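One structure is given here, and the rest of the page talks about it.
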Amino acid sequence: MKEILDKTLCFHCGDECRGTLIELGNKNFCCNGCKTVYQIIEGNNLCDYYQLDAHPGIQPQYANDTNKWQWLDADGIGDTLCQFRSKDLAIITLHIPGIHCASCIYLLEKLPHLAVGVIAAEVDFLKKTITIKYNPAMRLSSIANVLSRLGYTPVISMKDGEEKSNKKSDRSLVYKIGVAGFFAGNIMMLSLPEYLDSTANLSPTFTIVFRVLSAVFAAIVLGYAGQDFFKSAWGSLWVGKINMDVPLAFGLGAIALDSYYEVFTNNGSGYFDSLCGLIFMLLVGRFFQKRTFNALNFNRDYKSYFPLAVTKILEGKEFSVKVNSLEAGDEIKVRNGELIPADAKLLSTATAIDYSFVTGESDAQPCMRNDTIFAGGRNKGAAVRLKVINKVEQSYLTKLWNADAFRKNKKEGWGNWSAKMAEKFSVAVLTIAFITAGYWYLVDSTHLLRPVISVLVIVCPCVLALAVPFTFGAMHSIFSKNGMYLKDAESLEQLAQIDTIVFDKTGTLTLPSETKSSITMDDYDMELCAAVVNNSMHPVSIALKNILPENIILEADNLQEISGAGIKALVDGKLVRIGLYDFVSGNQNATEKLSGTYVSIDGQIKGKFNLNHSFREDVKEVLDKLKISKEIYVLSGDNTRDKEMLSQFLSEGNIHFHQAPQDKMDFISSLKNNHKKVMMIGDGLNDAGALQVSNFGVTVNDDINAFSPASDAILDAKFLGRLPQLIRFAAATKRIIYTSFLFSILYNSFGLYFAVQGLLAPWVAAVLMPISSITVVLYTQGLVRWAAYKNKLEI
């Protein structure tokens, strides 16, 4: 039989070979398309593709239709579809509905080996998408052709195909529930004589017909409605894993085999009613489980809480708005160092854009008027005006925040640990089922099936797997409502382990309140200064804007902002420098550098601003609470003028002045070398390096237009007073997860107690299984909300 199957099934896609058999060596193919794909894969030494799954391929469509994708090369199409496009690099994400297994991921991520011009490819299995980086000289149609030849035909349209796919998936589950319910009801009706023990009143012919019909109906339910359980279990076992569907598949398979054996040997009617009813209840349970999870999800794509805002220009007035409110045609202003929130046309004369956030390349690219600037770029120069051409994609911006370039080296987290625990739990369930089978085989083999099936069905390892993600989801929601926006789940784990906190001073603990001291500054000089500081988001620049002229017509060119020093630019043909005395004067040994923010114009010191710094509200209370359980340090790039003020809260040994950005990085590195878990809290401007080096970096922002991608979280400055509560709340994460695991183990143990004794009907187990999942999820939500309430956080 195996020989026949090998000859009649396509080696590539697994479909039956009909008509003329196409052979290559000892392998058979159903069509020339599958043969061609195999030759491509073999020719590039990628045959591991076939080791990850049996017959993993998809029969290619349009393999010989090279004209199908020519429309992609039309003018403007590539610019519309690509997320990023420059002279050296283009990035596009395509929806591939045919992605279905590990082999698909393996082959698609080897696309650079199969298509000249493709630089990298990354598959998102859950969304069934592939993100491709390629040389812009490569035709987009050639990428689509290669994918089609491989059998992974992309769905390309100007509408969201992914949303359609998700809706289709939901409808499929409903259809399967309907089929299972319909046939389960009919089988129960056909089994009515068996229930009433009145088969003696039926002719043998009718009895056989009823049983055969039940067997046929059950086969339909198994093959259609129950297929996902078996596919999932087989896929897991194929790669040497045991997932949560393996025990279910064993249980359903055991019922089916025993039932068909009884019917075909004429020893009974089998358990087809229980089998189909069980599948129906499992599917209904999954449906309501999914609905419940969605309702409790609190938007598990927590990245959507990302609080980026932008300056919008309307009728000559500037005001700050959330980026997701922008529409095509809106005019926005982006200052030096700010992120471009949406694809836009440059209205200003020129600027330079740093696309390292998108491409990983740090060299800024020059852009001229009317050039297209892509979302995710960072303005490196004077403030520019842009006209939005594409509506903002919040998920795309936050995906950039989570780019590998800004990820820190973190150990395996609770999420992976819970998945491993769920796998071990599945193994334990199978072991208990075999022990139960052995016991009942020796005691009473006629009752063996019922307890074994109940054990396999009622014990749900998915409870363990779900405890962590839903705990994280609920906690992210609480954090966002209290002004802190976390980057990812790993960040929450890092926050829970913090024992040392390092604060930046200016812009974090203190805000400058300005008093002006002018040497030779006239109105024109003040306008020059205003033209420069209007392009900066530094706290000192923001403070100076309040006393410098407004609505000036002068514009700054060739602007540079130097961390820990100051800012310079050309305004009206004059070189203006604003910052520390040594930066402005060029005199590194000057004693006057200890105080003041100086201004020089064309090399001549013109004046200075004395900025009095005041503490943010609640700073004293925050530091007093934190130093009870944490080591607290303050690092400042300023002089010692605020030393006396800070000494009210911390000992002098924990306060350090004259700290350049590199000094801050070195200080945090030394703490980590002493096995400290360090949180760095800064404004993200002069301390991006320190944020990156720390275990957990927090950017404190008054204006959420700017943030540092090196940070793990963004804290709205007005919520700084809640920082101690948020840290305590994060520390509760571990306890919540452990208690959730304990609850699920006790719940399952209680069910096992009755199941192994045969006191639990399989259909009852099928009802209790999804209830257990929902119960544990509700339990985690309750614990999270209680922890938030206990820490006086907004829920």
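Collect residues whose amide H, placed 1.01 Å from N in the peptide plane, falls under 5 Å from the amide H of Ile313; neighbours closer than 5 in sequence don't count.
Glu331, Ile332, Lys333
Working out 0.36 nm times the residue gap between Asn135 and Ser232, then minus their Cα-Cα distance, what length gain in nm do you get to one decimal?
31.2 nm
For Phe264 and Ala731 in the same chain, what is the full-extension length gain: residue separation times 0.36 nm, less their Cα-Cα distance, in nm?
In short, 162.1 nm is gained.
How much length is gained on full extension from Leu570 to Arg385, taking 0.36 nm per residue of separation minus their Cα-Cα distance?
Going from the current span to full extension adds 64.8 nm.
Could you check the simple spin-label distance between Leu778 and Glu315, using points 7 Å along Cα→Cβ, in nm with one decimal?
It is 5.3 nm.
Got a sec to turn the phi values of segment 313-322 into Karplus ³J(HN,Hα) couplings, 6.51 cos²θ - 1.76 cosθ + 1.60 with θ = phi - 60°, whole Hz, x for Gly and Pro?
Listing the rounded values in order: 10, 9, 6, x, 9, 10, 8, 8, 9, 5 Hz.
Enumerate the amide H contacts of Ile22 below 5 Å, restricted to partners 5 or more residues apart or on another chain; note that Pro and chain-start residues carry no placed amide H.
HN-HN under 5 Å from Ile22: Phe29.
Taking R0 as 30 Å, what FRET efficiency do you get between Asp522 and Asn546 from their Cβ-Cβ distance, rounded to the nearest 0.05?
My answer for the efficiency is 0.95.
If I take R0 = 51 Å and measure r between the Cβ atoms of Leu24 and Val209 in this structure, what FRET efficiency does the formula 1/(1 + (r/R0)^6) give, to the nearest 0.05?
Plugging the Cβ-Cβ distance into 1/(1 + (r/R0)^6) gives 0.60.
Could you check the simple spin-label distance between Thr446 and Asp79, using points 7 Å along Cα→Cβ, in nm with one decimal?
8.1 nm
Could you check the simple spin-label distance between Lys643 and His658, using points 7 Å along Cα→Cβ, in nm with one decimal?
Inter-label distance under the simple model: 1.0 nm.
What are the residues whose amide H is under 5 Å from the amide H of Val700, where those residues sit 5 or more places off or on another chain and H is modelled from the backbone?
Gly682, Asp683, Gly684, Leu715
Rule-based calculations on the coordinates, nothing more; no lab input. Predicted, not measured: the structure shown is a model, and the values here were computed from it. For neighbour counting, all protein chains shown are included, and Cβ atoms are generated from backbone atoms with ideal geometry for every residue, glycine included.
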